[in-house]
1. Counting only DSSP beta bridges with both residues in chain D, what percent are antiparallel, rounded to the nearest 5?
2. Using helices alone, what [θ] at 222 nm do you get for the protein assembly as shown, with -39,500 (n - 2.57) per DSSP H run of 4 or more residues, divided over all residues and rounded to the nearest 500?
3. Take each of the peptides C:60-68, D:32-40, B:51-59, average the number of other beta-carbon atoms within 10 Å over its residues, and list them starting from the highest.
4. Over 24 Å between Cα atoms: which of C:K12/C:K108; C:K93/C:K125; D:K79/D:K144 fall into that group?
5. Cross-link partners among aspartates and glutamates for D:K51, C-alpha distance below 12 Å, same-chain residues fewer than 8 apart left out?
6. Just to confirm the numbers: A:Q24, label point 7 angstrom along the Cα-Cβ line, distances to the other copies in nm, shortest first?
7. Along each of the three principal axes of the Cα atoms of region B:4-66, give the extent in whole Å, ordering the values from largest to smallest.
8. Straight-line reach from B:K48: which aspartates and glutamates have Cα under 19 Å away, leaving out those fewer than 8 places along the same chain?
Amino acid sequence: MLFGSLADLAGKSELWFSNCQDIQSLKDKLLNEFPELRNSKFLISVDKKLVKDNHQLQPGTEVAFLPPFAGG
Amino acid sequence: MLFGSLADLAGKSELWFSNCQDIQSLKDKLLNEFPELRNSKFLISVDKKLVKDNHQLQPGTEVAFLPPFAGG
Amino acid sequence: MKEKKRHNVFVKGSISPQLIADSIAKHSTKTTIGAHDIFLGQVRADVIENKNVLAIDYSTYEEMAEEKFHEIREAAFSKFDLTCMHIYHSIGKVKAGEICLFVFVSSKHRASAFDACRYIVEEIKANVPIWGKEIFEDETFVWKENK
Amino acid sequence: MKEKKRHNVFVKGSISPQLIADSIAKHSTKTTIGAHDIFLGQVRADVIENKNVLAIDYSTYEEMAEEKFHEIREAAFSKFDLTCMHIYHSIGKVKAGEICLFVFVSSKHRASAFDACRYIVEEIKANVPIWGKEIFEDETFVWKENK
């Protein structure tokens with residue numbers, strides 16, 4: 001899932017990727033498909049918890065790319 | 001002038017004393033007239049500014065005895 | 001002097017939530033404000049020697065209190081980067097559960113609003129000549145003292 | 001879960017002064033409260049590259065945001081001695097001058113209310129997945145970023 005500026009740049013907010021063992025490989029696929037996201041800062045969450053690049057993924061897991069927060 | 005608990009204890013809030021050269025002598029006269037105030041804590045103001053016991057007084061000056069504040 | 005007259009700190013009786021809402025609403029035209037911090041003092045139904053406080057009856061040395069509020073206001077504006085600031089304090093009887101102090105500070109960014117609001121409240125509690133009689137159910141009372 | 005459902009953090013559009021007044025009024029029955037601290041975030045009409053911000057359009061990752069709000073709430077209650085606490089945040093469009101965040105913390109004594117309110121606001125700004133599009137007069141926009 002893409003939020004905020006990332007969804008704007010990619011033109012969509014939901015995407016499905018198969019065969020991603022970890023966050024790093026998912027990130028590579030995403031940036032390959034949407035090179036316009038390469039200059040964006042973001043954090044990554046898996047099942048609503050922030051994670052690092054090397055976090056392992058299971059098929060069907062909900063991963064979100066979160067640009068800098070602006071609440072309040 | 002007496003405020004709060006001091007006015008309660010003395011039964012009045014305004015008093016006139018003559019021949020007081022400084023705060024200490026005024027305080028002595030007050031506590032002499034109202035011994036019930038002897039156990040009370042208070043600050044003293046002259047013309048709305050806090051002062052010390054040895055502050056000099058002019059005739060006609062407004063002196064106030066202020067028990068502990070409880071605003072808010 | 002004009003500035004001081006325009007806005008009287010003392011309010012007879014409790015401060016109503018409606019006064020607070022109206023004050024907030026008035027700030028919608030000040031579009032450089034990004035943060036408001038509001039402190040409200042509420043009268044507690046404290047139990048003192050087995051008796052419940054029903055209300056506090058506030059009194060003041062008004063001329064001196066107004067000077068002190070003015071000094072606090074000036075000091076807050078010089079210490080912190082504020083857009084505006086309002087203080088209301090009750091005088092007379094305020095029942096337990098009602099509001100007796102309303103400090104409202106607005107600034108561009110949140111840090112100044114937080115710092116200033118706390119500073120102002122501490123200054124009021126320590127330095128403004130206001131007294132409060134805590135009145136019990138049986139109409140006896142004790143004089144409150146700030147810590 | 002019950003506790004969380006009872007009170008939804010997100011409000012569609014701006015937070016009205018009336019909602020704030022109603023929240024304050026509801027606390028008059030809680031007579032152990034002596035101090036309330038309220039933080040309000042207001043949308044600024046900032047000028048960015050010579051264009052005025054007219055409004056911010058807020059969006060969120062709602063499930064994650066609700067978990068974060070819940071964590072912040074639990075942490076605040078465990079760190080500070082609080083009587084109660086309420087958080088409201090706007091979602092969707094909020095015009096410059098309108099309120100987008102309302103944090104309301106109540107405690108027996110003032111120190112806990114001040115400490116907790118500031119803690120909660122900082123946590124929300126840093127850790128809750130909410131985004132804001134700053135919309136200009138000409139309908140262009142930039143994405144806001146918290147400091």
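Here, each number is a calculation from the coordinates, and none is a lab measurement. Treat the numbers as computed from the prediction; the structure is a model and nothing was measured. Here the Cβ positions follow ideal geometry from the backbone for every residue, glycine too, while neighbour counts run over all protein chains shown.
1. Details: 31 of 34 bridges.
So the antiparallel bridges amount to about 90 percent of the total.
2. On the way: 12 runs with 138 residues, N = 438.
After summing the helix terms and dividing by residue count, I get -9500 deg cm²/dmol.
3. Working: C:60-68: 18.9, D:32-40: 23.6, B:51-59: 12.1.
Descending mean neighbour count gives D:32-40, C:60-68, B:51-59.
4. Values: C:K12/C:K108 32 Å; C:K93/C:K125 18 Å; D:K79/D:K144 30 Å.
Violating the 24 Å limit, Cα to Cα: C:K12/C:K108; D:K79/D:K144.
5. D:E134, D:E137, D:D138, D:E139
6. 8.2
7. Principal-axis extents of the Cα atoms in region B:4-66, largest first: 27, 21, 18 Å.
8. Candidates past the 8-residue exclusion: B:E14, B:D22, B:E62, C:E62, C:E63, C:E66, C:E67, C:E71, C:E74, C:E123.
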